[in-house]
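Engineer: Handing you this structure, nothing more for now.
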Amino acid sequence: MITDRLRLDGRTVIVSGAGGGGIGTSCARAVSEAGAVVVAVDRDQDRLDAIELPGELVRVRADIGTPEGVQAVVDAAPGTLFGLVNVVGGSLIPHWAPALDFGREQWDAALDLNLHHVMFLSQAVARRIVEQGGDGSIVTISSTGGVVAAPYHVGYGTAKAAVLGLTRTLALEWGRYGIRVNAVAAGSITTPRATSAPQDPAVAGRGVPLGRRGTPDDVAGAVLFLISDLAAYTTGAVLPVEGGALQRLGLFDDENIPVHVTNPQILARINGTSEN
Ligand SMILES: NC(=O)c1ccc[n+]([C@@H]2O[C@H](COP(=O)([O-])OP(=O)(O)OC[C@H]3O[C@@H](n4cnc5c(N)ncnc54)[C@H](O)[C@@H]3O)[C@@H](O)[C@H]2O)c1
């Protein structure tokens, strides 16, 4: 059955940033429900301790911004290492500023949190998979802010765009080892620490064709698809999970009316009030 391809039984999957109670925790739960042995990674012990999964779980406290942390994570992965979900990242309040004022420290911090570990943890995982004889899958959580502009958030937007470039490059280089590399462009997702979007549902859906913010499970569903053999012929892809927000140009308002159209006949036709 094609649904069998969703199963990850006997496969070890590392989830970085699994302890946040948001996207990482949902991804860990999703791959665990699909049968994977989960290596949950976080630098925060309390968050790690709070993770509960239905299947086998290895908790690893590590800072994946360091080479030692990366090595510790891969060394702790039992059995056949198959997958990696790169979740560590985020948009912190001090990282918001006009580009004219953006400081070197802010820049370094945003790129450290969102970019560098994606390369080096993916590399360490891929080396292990190659040693095992190949066959693996890596998924990275990027953002709509990495696909289109991220005004006043230049460090985050640049880092999230860079991980998409990295995804494509790694997909090309590692296809020969049977390692697929894909990314998710998450939109506005309700998580415990999300800083950039309103919690008020009345405004949270603005600009989103599906009319609401996403949930961590919305992202985890896309991750589960991409990491599993259901996506066996997909690599280098960026899957938007954004309620359609990326699909609407600013030339259209929330009702999908083109903002530059003032002709009453056209507006009447769009609104269904035209008599001919
Ligand atoms: N929430 C949103 O609206 C949204 C939208 C688009 C993309 N994203 C992306 O989704 C991802 C997860 O977002 P979230 O809000 O669930 O994050 P979160 O802050 O809740 O979780 C991230 C976890 O990573 C851990 N972490 C941070 N640096 C680490 C390091 N160096 N080593 C080990 N662990 C580390 C933190 O302790 C935390 O538990 C991020 O990459 C974020 O950019 C989120």
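Engineer: Any idea which of Val130, Val118, Val70 is closer than 17 Å to Leu164 by Cα, in a helix (DSSP H, G or I) and either open to solvent by 30 Å² or more (accessible area, probe 1.4 Å) or at pLDDT 95 or above (or both)?
Structural biologist: Unique residue meeting the criteria: Val118.
Engineer: Starting from residues that are among the hydrophobic types (A, V, I, L, M, F, W, C) and part of a loop (DSSP other than H, G, I, E, B), keep the ones in segment 201-233 and report whichever is surrounded by the most Cβ atoms within 10 Å (Cβ to Cβ).
Structural biologist: Applying the filter and picking the extreme gives Val208.
Engineer: OK, next. Which of (1) in a loop (DSSP other than H, G, I, E, B); (2) open to solvent by 60 Å² or more (accessible area, probe 1.4 Å) is the odd one out, the single condition Gly236 does not satisfy?
Structural biologist: Among (1) in a loop (DSSP other than H, G, I, E, B); (2) open to solvent by 60 Å² or more (accessible area, probe 1.4 Å), the lone unmet condition for Gly236 is (2).
Engineer: Separate question: Just to be sure I understand the filter: pairs with C-beta atoms under 8 Å, separated by 6 or more residues or on different chains, first member in segment 139-168 and touching a residue at least 12 places away in the same chain (Cβ under 8 Å), second member outside any loop (DSSP other than H, G, I, E, B) and of a type in the set (Asp, Glu). Which pairs pass?
Structural biologist: Between residues of segment 139-168 that are touching a residue at least 12 places away in the same chain (Cβ under 8 Å) and residues that are outside any loop (DSSP other than H, G, I, E, B) and of a type in the set (Asp, Glu), there is no close pair.
Engineer: Among the residues of segment 47-65, are any under 28 Å from Glu242 (Cβ atoms), touching a residue at least 40 places away in the same chain (Cβ under 8 Å) and of a type in the set (A, V, I, L, M, F, W, C)?
Structural biologist: Scanning segment 47-65, I find at least one residue that is under 28 Å from Glu242 (Cβ atoms), touching a residue at least 40 places away in the same chain (Cβ under 8 Å) and of a type in the set (A, V, I, L, M, F, W, C), so the answer is yes.
Engineer: In segment 26-39, is there at least one residue being on the phi < 0 side of the Ramachandran plot, surrounded by 21 or more Cβ atoms within 10 Å (Cβ to Cβ), part of a loop (DSSP other than H, G, I, E, B) and more than 10 Å from the ligand (Cβ to nearest atom)?
Structural biologist: yes
The values are calculated or read from the model by the stated rules, or taken from the named source; none is laboratory data. From a predicted model like this one, the values you see are computed outputs, not experimental measurements. Positions of Cβ are backbone-derived with ideal geometry, glycine not excepted, and every protein chain shown enters the neighbour counts. Note: areas computed on protein heavy atoms with side chains; ligands, DNA, RNA excluded. Shrake-Rupley method; radii C 1.70, N 1.55, O 1.52, S 1.80 Å.
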